[in-house]
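J.: So that we are looking at the same thing, I have put the structure below in structure tokens.
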Amino acid sequence: MATLQLCSKLSKLGLQTLTTGVREFSISSNWASKSHYDVLVVGGGTGGITMSARMKRKVGAKNVAIIEPSENHYYQPMWTLVGAGAKTLNKSGRSTASVIPSGVTWIKSSVQELDPDKNLVQIDDGKEISYKYLIVALGLQLHYDKIKGLPDGFSDPRIGSIYSVNLVEKTWRALQNFTEGNAIFTFPNTPIKCAGAPQKIMYLSEHYLRKTGKRSKANIIYNTSLPVIFGVKKYADALLDIVKARDIDVNYRLNLIEVDIDKREAVFEMLDHPGETKTFQYGMLHVTPPMAPPDVLQRSALADAGGWLDIDKDNLQHKKYSNVFGIGDCTNLPTSKTAAAVAAQSAILSKTISLVMKNQKPMHKYNGYTSCPLVTAYNKCVLAEFDYNAQPLETFPFDQGKERRSMFHMKADLMPPLYWYALLKGLWGGPGPLRKLMHFGKA
Ligand code: FAD
Ligand code: UQ1
């Protein structure tokens, strides 16, 4: 029955093909009898699957469980290319069953409460699961609902968003159907994952309109809540040259607060002029939604004042609960939230947990490594890589501030297999060793 409902939901989303090739096995019988695990991972996205693979090697599969409600796992970085018609959505997803390391227990449920004082979590049916060590990898939540007129306004075919599995294909349709007027791309007033993506989809859209002869009828506009185009000066300078060369308008400190689909208007608050707004007509609108920590985390004792998981920025151990650790978008690590960051974090976190398990002090330090392949055309990319200090930390021995075809192929063709066959298997801890090799031991 549940399978039937799921299939019907998936087919409504046009995702039938994702269910093919699913590794069949019984989930509920696996965990119904056991409710304690040495290592419990909450969230089965990039960070959760990666850490469960690494923990399986450390403590054995039967001692690891992962709580994740979704039937499908997505390689989200591909959605930028899906939104521009360069990849299909189908290619970005696999069944969750197929990415859970074999032998690790998948508890197909949502975490409802985190109770670190009792070392347990509560799931959907009120059942409690206890742990010795907890790894929190809950990601973040999207808040289209914080924009007046959305999500209902997505009924307008001119509006898209590459951040949601349900809207990414619609983004490509909006781009194809665009005829004239303002093509507006937004950046919200909250931390977001992959802070480059809101403008990557803009560069691809601009290139698409050029290729199809519609560019002269379009005003391309980037309205961002930030005071800069990108947080690292080297790449910001490169991007400013690109927007100038491609005749793109950039407006800073504008935050989308309302969409009126009848008038085809997008209303922005002017962050430096409280109470004032600016309204734009749109022919196409790409929305990057406000984002926030998951509710279950926000209301737990594990959160900091902003609701993010409160962990040590060097070793990724919780600041108060020494048997709790975190990785990825749900954390308060002061770096840009990306899968590349998860890769580097996973290597450090493994070492931290090994030492904690031996009652030793964690000593390995995460440098904040993160990366954003800034796709600037259908065949070009600026590969931004940087650390906690917003200083470039580049892998390759050439200037990555330049648009390059090679970096586009790295993003489009090399990264997906690296993700599925190395990162999710716990075998890729980021490009640190490669960087040292490329720079002959200097970096
Ligand atoms: P996620 O992978 O989002 O996983 C969180 C998991 O937690 C989900 O599976 C969710 O179902 C689960 N969960 C949530 N609530 C609960 C609950 N209550 N109980 C149990 N489970 C729960 N990164 C790059 O490195 N390079 C890129 O080019 C890039 N481009 C991107 C482009 C786009 C459009 C997007 C959307 C993202 C991009 N990213 C990129 C970012 C990258 O995908 C994320 O940073 C990464 O997936 C974070 O991993 P995570 O495990 O923290 O979160
Ligand atoms: C990376 O490690 C990673 O995670 C697998 C990404 O996410 C898809 C990236 O986008 C990038 C750029 C890296 C860094 C890898 C190299 C080889 C520079």
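J.: Within region 391-412, does at least one residue satisfy the condition of being in contact (Cβ under 8 Å) with a residue 12 or more places away in the chain, part of a strand (DSSP E or B) and β-branched (Val, Ile, Thr)?
T.: no
J.: Output the helices (runs of 4 or more DSSP H) that fall wholly within region 8-105 and possess 3 or more residues being under 19 Å from Val324 (Cβ atoms) and at pLDDT 95 or above, or say none. Steps first, answer last, please.
T.: Details: elements: 28-32, 46-59, 79-83, 96-99.
Helices (runs of 4 or more DSSP H) meeting the threshold: 46-59.
Listed here are the residues, each with its yes/no results for (1) within 16 Å of ligand 2 (Cβ to nearest atom); (2) small (Gly, Ala, Ser); (3) closer than 22 Å to Ala341 by Cβ.
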| site | (1), (2), (3) |
| --- | --- |
| Asp38 | no, no, no |
| Gly47 | yes, yes, yes |
| Thr50 | yes, no, yes |
| Tyr75 | yes, no, yes |
| Ser98 | no, yes, no |
| Leu120 | no, no, no |
| Asp124 | no, no, no |
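J.: Just name the residue that is nearest to Lys337 (Cα to Cα) out of those in region 207-249 that are among the aromatic types (Phe, Trp, Tyr) and out of contact with any Lys or Arg (no Cβ under 9 Å at 6 or more places or on another chain). I'd like the intermediate steps shown before the answer.
T.: Pass one, region 207-249, residues among the aromatic types (Phe, Trp, Tyr): 208, 222, 230, 235.
Next, only the ones that are out of contact with any Lys or Arg (no Cβ under 9 Å at 6 or more places or on another chain) stay: 222, 230, 235.
Values: Tyr222: 21, Phe230: 14, Tyr235: 17 Å.
By that ranking, first place goes to Phe230.
J.: Continuing with the same structure: So, Ser354, is that one polar (S, T, N, Q) and away from ligand 1 (no atom under 13 Å from the Cβ) or not?
T.: Spelling it out, Ser354 is indeed polar (S, T, N, Q) and away from ligand 1 (no atom under 13 Å from the Cβ).
J.: Suppose the filter is part of a loop (DSSP other than H, G, I, E, B), modelled with pLDDT of 95 or more and of a type in the set (A, V, I, L, M); does Ala238 pass it?
T.: Criteria not met by Ala238.
J.: When the residues of region 373-428 are filtered to those that are within 30 Å of Ile66 (Cα to Cα) and among the hydroxyl-bearing types (Ser, Thr, Tyr), which remaining residue is nearest to ligand 1 (Cβ to nearest atom)?
T.: That would be Tyr419.
J.: When Phe440 is evaluated against the numbered criteria (1) outside any helix (DSSP H, G or I); (2) free of Cβ contacts under 8 Å to residues at least 12 places away in the same chain; (3) within 10 Å of ligand 2 (Cβ to nearest atom), which criterion, by number, is the only one it fails?
T.: The number of the failed condition is (3).
J.: Can you go through Tyr163, Tyr133, Tyr144 and tell me which one is farther than 30 Å from Ile353 by Cα and either more than 16 Å from ligand 2 (Cβ to nearest atom) or outside the structural domain of Ile242 (by TED's automatic domain parsing) (or both)?
T.: Working: Tyr163 fails: either more than 16 Å from ligand 2 (Cβ to nearest atom) or outside the structural domain of Ile242 (by TED's automatic domain parsing) (or both); Tyr133 fails: farther than 30 Å from Ile353 by Cα.
From the options Tyr163, Tyr133, Tyr144, the qualifying one is Tyr144.
J.: Kindly provide the set of residues from region 45-96 that are of a type in the set (A, V, I, L, M) and farther than 22 Å from Gly429 by Cα, ordered by number.
T.: Within region 45-96, Ile67, Leu81, Val82, Ala84, Ala86, Leu89 meet the criteria.
J.: Residues in region 371-394: is at least one buried (at least 20 other Cβ atoms within 10 Å of the Cβ), near ligand 2 (Cβ under 9 Å from one of its atoms) and among the polar types (S, T, N, Q)?
T.: Taking every residue of region 371-394 in turn, at least one turns out to be buried (at least 20 other Cβ atoms within 10 Å of the Cβ), near ligand 2 (Cβ under 9 Å from one of its atoms) and among the polar types (S, T, N, Q).
J.: Tell me which of these Lys170 doesn't satisfy, since it passes every other one: (1) in contact with a Gly (Cβ under 7 Å, 6 or more places away or on another chain); (2) closer than 22 Å to Val296 by Cα; (3) without any contact (Cβ under 8 Å) to a residue 60 or more places away in the chain; (4) not polar (S, T, N, Q).
T.: Tallying (1) in contact with a Gly (Cβ under 7 Å, 6 or more places away or on another chain); (2) closer than 22 Å to Val296 by Cα; (3) without any contact (Cβ under 8 Å) to a residue 60 or more places away in the chain; (4) not polar (S, T, N, Q), Lys170 fails exactly one: (2).
J.: Pick from Trp420, Trp428: which is touching a Leu at 6+ places or on another chain (Cβ under 7 Å), within 15 Å of ligand 2 (Cβ to nearest atom), within 22 Å of Gly139 (Cα to Cα) and of a type outside the set (A, V, I, L, M)?
T.: Numbers: Trp420 fails: touching a Leu at 6+ places or on another chain (Cβ under 7 Å).
Testing whether each residue is touching a Leu at 6+ places or on another chain (Cβ under 7 Å), within 15 Å of ligand 2 (Cβ to nearest atom), within 22 Å of Gly139 (Cα to Cα) and of a type outside the set (A, V, I, L, M) leaves just Trp428.
J.: For Lys313, only one of the following conditions fails: (1) near ligand 1 (Cβ under 10 Å from one of its atoms); (2) of a type in the set (D, E, K, R); (3) in a loop (DSSP other than H, G, I, E, B). What is its number?
T.: Lys313 satisfies every listed condition except (1).
J.: Report the residue count in region 212-232 for those that are farther than 14 Å from Leu374 by Cα and in contact (Cβ under 8 Å) with a residue 40 or more places away in the chain.
T.: 4
J.: Output the number of the condition that Lys351 fails; it satisfies all remaining conditions of (1) in the same structural domain as Lys118 (by TED's automatic domain parsing); (2) of a type outside the set (A, V, I, L, M); (3) assigned to a helix (DSSP H, G or I); (4) in contact (Cβ under 8 Å) with a residue 24 or more places away in the chain.
T.: For Lys351, the failing item is (4).
So that you can scan it fast, the table gives a plain yes or no per residue for (1) away from ligand 1 (no atom under 13 Å from the Cβ); (2) in contact with an Asp or Glu (Cβ under 8 Å, 6 or more places away or on another chain); (3) farther than 20 Å from Val42 by Cβ:
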{"position": "Ser92", "(1), (2), (3)": "no, no, yes"}
{"position": "Pro101", "(1), (2), (3)": "yes, no, no"}
{"position": "Ser110", "(1), (2), (3)": "no, yes, no"}
{"position": "Asn119", "(1), (2), (3)": "yes, no, no"}
{"position": "Ala137", "(1), (2), (3)": "no, no, no"}
{"position": "His143", "(1), (2), (3)": "yes, no, yes"}
{"position": "Asp152", "(1), (2), (3)": "yes, no, yes"}
{"position": "Gln176", "(1), (2), (3)": "yes, no, yes"}
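The values are calculated or read from the model by the stated rules, or taken from the named source; none is laboratory data. Just so it is clear, the model here is predicted, and its values are computed rather than measured. Cβ sites come from the backbone with ideal geometry, for glycine too, and all protein chains shown count toward neighbours.
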